[in-house]
Amino acid sequence: MRISVIIPAHNARSTLGEAIESVRAQTLPAAEIVVVDDGSTDDTAAVAAGFQDVRLVRRPNGGPGAAYNSGIEVSQGDLVAFLDADDIMAPMALAEHVQNLTAHPAADASVGHVSEFVSPDLPSEVAARLRPRPTYVGWLAGATMVRLSLLERTGSFLATLHVGAWIDWVDRARLAGGRFELTPRILLRRRLRPGTLSASSRRDADLIALGRLALQRRREQDR
């Protein structure tokens with residue numbers, strides 16, 4: 001068993017170090033940490049390069065889907081976990097995912113729960129406008145560990161989608177017969193800040209595209 005953790009990062013110098021440290025602090029260590037610098041214009045690459053046990057991949061800016069693909073291409077694990085560069089992995093996340101997959105050998109992926117926190121570096125008047133949601137099932141890349149076999153079976157992430165690249169991949173994985181097993185443990189702490197990717201101007205366009213893609217796949221499946 002070899003675990004790879006892939007961290008896509010774009011202009012994330014202020015949070016990337018904390019994200020990396022959360023992976024390095026795992027009770028079950030990862031075999032490798034791959035940071036994909038997705039065309040950053042700040043010191044993101046320098047932060048990643050400051051960790052001797054981190055493999056740095058640099059690519060032109062293409063969004064999360066393209067960054068996931070670049071990380072998967074160079075990773076060597078048979079189990080792959082993901083983490084956004086501004087989020088924090090719970091200390092027992094990798095161990096819990098492995099335990100979940102071991103207990104359910106037919107499962108292709110393990111999905112944990114997520115808690116949200118307001119980034120402590122924000123001015124108080126900005127932080128006051130952000131409302132963390134109650135704990136929820138983490139249908140996010142950072143709350144998931146995937147067997148490499150499912151990644152290979154499902155195919156690459158769509159680089160044309162930014163907000164929806166992960167959602168689209170999960171939909172395709174399910175159509176390909178992928179089984180996702182839930183665990184009630186909180187495995188990801190998700191940082192809330194204004195202007196995060198989930199609140200970007202591309203969100204509405206991506207959601208429309210996701211709906212069309214999902215409908216098209218089901219029509220093709222019914223033929």
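The values are calculated or read from the model by the stated rules, or taken from the named source; none is laboratory data. Quick caveat, the model's predicted, so the values are computed rather than measured. A quick note on method: Cβ atoms are made from the backbone with ideal geometry, for glycine too, and the neighbour counts reach across all protein chains shown. Areas reflect the complete protein model, heavy atoms only, side chains present, ligands, DNA and RNA absent. Shrake-Rupley method; radii C 1.70, N 1.55, O 1.52, S 1.80 Å.
Ranked by the mean number of other Cβ atoms within 10 Å of their residues, highest first, the peptides 59-67, 118-126 fall in the order 59-67, 118-126. Only one residue of HIS162, ASN11, PRO29 has its Cα farthest out toward the positive end of the dipole of the chain, where Lys and Arg carry +1 and Asp and Glu -1 on Cβ, and that residue is HIS162. The local environment of THR27, defined by Cβ-Cβ distances under 13 Å, has a net charge of +1 under the rule Lys, Arg +1 and Asp, Glu -1. Here the accessible area of the range 54-161 is 55 percent carbon and sulfur, with a 1.4 angstrom probe and all protein chains present. As a length-normalised measure over Cα pairs under 8 Å and 6 or more apart, the relative contact order of the chain settles at 23 percent. Loop-located chymotrypsin sites (Phe, Trp or Tyr not before Pro) in the range 65-151 (DSSP state other than H, G, I, E, B) with a sparse environment of at most 15 neighbouring Cβ atoms within 10 Å: TRP139.
What does the helix-only formula give at 222 nm for the chain: each DSSP H stretch with n ≥ 4 adding -39500 (n - 2.57), the total divided by the residues, and the result rounded to the nearest 500 deg cm²/dmol?
Working: 8 runs with 79 residues, N = 223.
Counting only the DSSP helices, I get -10500 deg cm²/dmol.
Stretch ARG58-ALA128 to full length: gain in nm at 0.36 nm per residue minus the Cα-Cα span?
21.6 nm
In loop segments of the range 42-136 as defined by DSSP, the trypsin sites (Lys or Arg not before Pro) with at most 16 further C-beta atoms inside 10 Å of their C-beta are ARG129. Which of ILE33, ILE167, ILE88 moves the most in a Gaussian network model of the chain with Cα springs under 10 Å? Looking only at ILE33, ILE167, ILE88, the biggest GNM fluctuation is shown by ILE167.
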